[in-house]
Every structure is written in structure tokens, then in C-alpha cells.
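See below for the structure under consideration.
Any read-out appearing in this document is the output of simple, stated calculations on the displayed coordinates, not a laboratory observation. Since we're looking at a predicted model, the values are computed, not measured. Cβ placement follows ideal geometry from the backbone for every residue including glycine, while neighbour counts extend to all protein chains displayed.
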Amino acid sequence: MDSFVASPRDKKRYDVFLSFRGKDTRRGIVSHLHSALVGRVDDTFKDDETIEIGDTISEEIKEAIRNSKFAIVVISKDYVSSTWCLNELQMIMDLHKKKQLLVLPIFYDVVPSDVKHQRGTFSLRRYQPSMERTMAAHVRKWRKALTRVGGVSGKDSRACKDEATMVDDIVEHIARELTSMQPLEMGDIVGMDAHMEQIEPLLDMDSATNDVRMIGIWGMGGIGKTTIAKIAGRNGLPGLQRELLSNILGKKQANISDKEKGCNLIKSKLKKLKVLLVLDDVDNEEQLLALAKDTSWFGPGSRIIITTRDLGLLHFCRLRIVHHVNFLGHDDSIRVFKQVAFDGGRPPSDVYEQLSIRASKLAQGLPSALDAFGTYLRQKISTEAWERALDILEKFPPQSIMEIVRTSYEGLDKRDQAVFLHLACLFNGDNFHRVATLFDHGDERIKDLRKKSLIDISPDGCITMHVLVEQAGREIVLQESKSKLWRRRILWEPEEIVSVLQNTTGIALATTEGVSLHMCDMPRMVSIDGGILNAINNLEYFKAFTHLNNIESTLNFNQGLGQLKRLDVTGSKNLIEIPDLSRATELEALIMKGCRRLEKIPENDSPSRIQTQATPANHIDASQSSKAINFSCKPIHRGENTHRVNASQG
């Protein structure tokens, strides 16, 4: 089977194609126009600079015209003397007629009606002496093209006060048109009405007070073009300030030597202008202070919209108007997914319909995830392939989501990073206040993660993390130690836990900090004893869930208790005896709420340093240490752990 691999030039797209008669205009209007366009649009095709030596020029130009959004035709007095220019114009106007290309003619020192009716220097009679059949056909096409372009509203240089002003007007017009042509993804449109109903009153664009407003839009990161971040990373803050001024004022700005100079320029040039400024995906205070430190920098009626993942940044800047962007609802999620996966059409069968629902549920209302899933699954040619793909997606986050979470993760300090990973691997769904006691300054750190849109706190006080963020957090842990399971800091997969607990040594497990053990998921029975705790000698968090509730235990944990600060056996209805805690030299609290069958506590377990409690766990004022184990013998389900400490067996 024949195949075709596109070269980079085959995929080249241009914002603007410049058509002109070089002899008349190259060193004048065209050079000024091209220079101004370079500062405002992404790509401009100017044949004497863009084509590489050795290319087939005519074919390159045809391709460039077809792949351009806009054509600027500079029609000068000698334009029709070039068959090259006439052929370009013919192709441009044919695409314009088909609505595949926007056209702006510049009538440079010529009369537009002369172009339209081919009078004076625009007469095509010069080609009549050689009017063979082929040439006659060309002339007819050229005449139509000239008639059409002469009837298009453009710029008449004779009506402009000077060339510089005309160039500025043209570039501003092109920039506005190109902005309006930017396509909106379906995910950007679906569910937007609800947001607009909330945001429009905040903006209050028609306010009679003519005040300047800054509005913050806060929410979890998504995939999209974040121009501000790219420019900042490439040029630094002075480059970002120059880009801001260039885009608003419509003129390319000189280089800005330092941030303070940039701040002064923004204040002086924009304080009398009414602007709508959007600062997208701002991630640090320095960016914001360099671009929009105060409302006094902008003219009356201006609106500055700041989008960010970090609520703390908006609080730092004392923004009083903040809109929180929530996830899409169930119906909108399915609409977005189908739009991407089926090109706006309907699923071809009921099976695909059910798989679409499964995919949208997995995305949990995150537009970027819906787009990523839809794009990935549309490449699969059968329902079986969809099912296999969804099985993978339910375990491993797509790369796009991984990049979003990693960006936020890398912006955290080391301690907040550790808390985030433990929440993702161990405590998603647990009670906020109880989990907070497990970390140094846990309350503050968990709230900071919420401000950065990595978690939320439910109305009933539980930590909630989007399933894809949880996946990404776990993937970060996996990538830290890809091939050495025994060096992984947190373990949660049953098979891996069995392998580690039964086949490794204490020295090898020195880096393991947390274990989440669901007994009902274990592939076989595993014995948990003090030897294991002694082997995992850096263990801080141990959770063990089981469906059994008839355990009668005299728990024997004589080893591995050297780091234990709190022992909570709350709810262990069938527990008969507390283990010997003589080796628990750091023990500060013993909690025994609801232990109805408990017969005795060893005499050596009640020295004055141990605080014995029979009250609910959340009323206990214990040590703030994160070293704790909870041996509870009642059924516990994910998200329903009512114990204060960080481990439960029951």
C-alpha cells in the first residue's frame, strides 16, 4: 500500500500571506508592513525571505496561499506588469470567493476603481499581441480577479494622513480578525453559560462608576495554550512586559532592560486606556506584580482577569472578586466527550454509548481529561479496543493530565510535596482533621494543597482528590523507584505489599514510609507481625483494612515499636488484651474507646508518661508526631475511617 509522510513544510501554516510587486514596494510600504506584522502575528509569508534557496517557488507560493488565513494584497501602479503577481491574485481571489481566505487589499497610490475596471496602468491590453488561446484564458481569469479585488473594502493610501498610521491601522485590523478566528474547543463551550451568568456581573462592563476591576478565576489546571507562561519562560519578566505593551498598543516595543522599567512603562502608557487584559495561568506573585500590580496602572473602566490554579496568589494580591471554576456536570461531560470522540456525531451503537459514559465518569468533569480520553479512544477501531484502553486509563493517567499535576507538584516545597503524595496514596477520602494530625503543621499544609487546586474539602469534612490527580500522584511515587519495589516510599498494591512483606529485608525497606493494606484484596493470607514493623524501620503510616470483625487478639508487637507515639485500638469490640508495650519507649497516648471485651492492660504499660484515653479519638490532645499505628478490629471502608491515627486493622 502506498503511503505518504508529510514533511514539516507540508504542515506549515501562515497567519498572513503578503502579495506585492517587488520593484514598486519591497523597500517601502511592504518592508514596514512586514516588520510590524512580525511583532503581532505568529507567521507572515513574504516570498523573498521565507522560501529557501532551491525550492520550487511557484509550488511553494501556491502552498503558502492555501495554508494562510489572511492575504494582504499591495496593489501598486506596476502590479499588473507581472504575470507572477496576477497569478497570485487569481488564486487568492478564487479562495476568497470560496470563503477559504480573508483578503485585505491596499491600494497604494492608485485609484481602486481603476483596478476594478482595469483602466490606465491596470489595463490588460499589453498582453493582446501574444493572445494565443492559453494566454487569452489567463487574461479572462486575471480580469475577474482584478474586478473582485477592486470591489473589496480595503485601505486607500491616498486617504491616509501618513504611511506609519496606515501600517498601524492595517496591523491592528489583522490582529483583531485573527483573534476572532481562533477556534473554540467544544470543551470550552459546553457548560459556559453557567459560568458566564456568574462572571458577567463580576465584570460589570457597563458600570456607571467607570472603576477599574481585577477579577480572579481560580480552578484546577487544564490543557490549553498558556501564552503568558511560554513567553515568561523564554524571555523573563521584561520580555513579558514588552509583549503585553506590544499587544495592547499595537506597536512593537523596544527591549525593556529590567522589571522596574517595565512596570513604569506599563503605568505610563496604559493609565489612560480602557483595556481588557487577561493574564492566563499565572503561577507566581512576581509575574503578577510585574504586569498588573495595581488598578491605578490602567485607565477608567478597565478590566483585568487573572486565571490561576493558586488561590493563595489571589489572596496575596488582595483580590476581592474571585470565581471558582468547578468541574462539569454529568450531562455536559458526556457531551464534551462525544464531541471529541465522534466528531460531534452520535455513538455508532449502544455499546459505544455505555463506553462513553464509562469514559466520562472516569474524567470526573475535568474538560482536559475528557478531551484527552476522546482523542485517545477515537483512534481505537473496535469496542474491545475501547474496553482495553479504558482498563489502562483507569490505572494510569494520560500524559496530558500527568503534565498538569506535575507542574503543580513541582511548584510545592518539599514538605508539601510529601503531604500531597501521602494523600494521593493513603488518605484520599479520609477526614481532614484526623489526617492533619499526622503531619507537622498538617492543617496548614493540607489547606495549601486545596488553594493550589490539588484537593478539596467536602462539606462533611473529608479530603477529596480528583481520581486522575490521585493517579498522577501515585505515578510520581512509582517513577521515583521504577524497578526497585523495595525502595518505594509508599506501597498500596496488594501484590506488591505481599512481595515486599514476605521477600525483603529490613535494610532494603529503609525508605518505605507508608503502607495501605486492604486485606480483602490480598491475593493470599499475609501475616502482619512485629517483625514486619521492625523490617520497615522508617515506617510512619500503616493502614490495614479487613472485613473480619470477630478477631480475638492478644496482639503481639514486641518488636518494631520504637517509633510509636500513639496506639489507638478504638472500636476493637473483640479485643481481649493490649500487647506488651514495654519496647514502645516513645509512646505518649493509648486510646481504647469502645473496647468492650478488653480484660487488662499490662502493668508496665501505664507509666506516668503515657496518657490513657477512653474518649472519642477526635477529643484527644496527643503528640503531633506522625508516627502512629491503629489496630482497630471493626470494619472500615474507604472514606469512613473515624479514627484519629493513621492506621487501622479491622
| Radius of gyration and Dmax for region 330-394's Cα atoms, expressed in Å? | 10.1, 26
| Given the convex hull of the Cα atoms of region 396-480, what is a quarter of its surface area in nm²? | 5.1 nm²
| Ranked from highest to lowest mean number of other Cβ atoms within 10 Å per residue, what is the order of the peptides 442-454, 316-328, 152-164? | 442-454, 316-328, 152-164
| query | Which order, highest average first, do 308-314, 393-399, 68-74 follow once you tally other Cβ atoms within 10 Å for each residue and take the mean per peptide? | reply | 68-74, 308-314, 393-399
| request: Take the Cα gyration tensor of region 73-148, multiply each eigenvalue by 5, square-root it, and list the three semi-axes largest first, rounded to whole angstrom. | output: 19, 16, 9
| task | Provide the three semi-axes, in whole Å and in decreasing order, of the ellipsoid equivalent to region 319-436 as defined by the square roots of 5 times the Cα gyration tensor eigenvalues. | result | 31, 17, 14
| field | Loop trypsin sites (Lys or Arg not before Pro), region 324-379, which have at most 13 other Cβ atoms in a 10 Å radius of their Cβ (DSSP) | value | ARG378
| Among LYS77/LYS99; LYS99/LYS293; LYS97/LYS380; LYS293/LYS414; LYS380/LYS447, which pairs are too far apart, with a Cα-Cα distance over 32 Å? | LYS99/LYS293; LYS97/LYS380; LYS380/LYS447
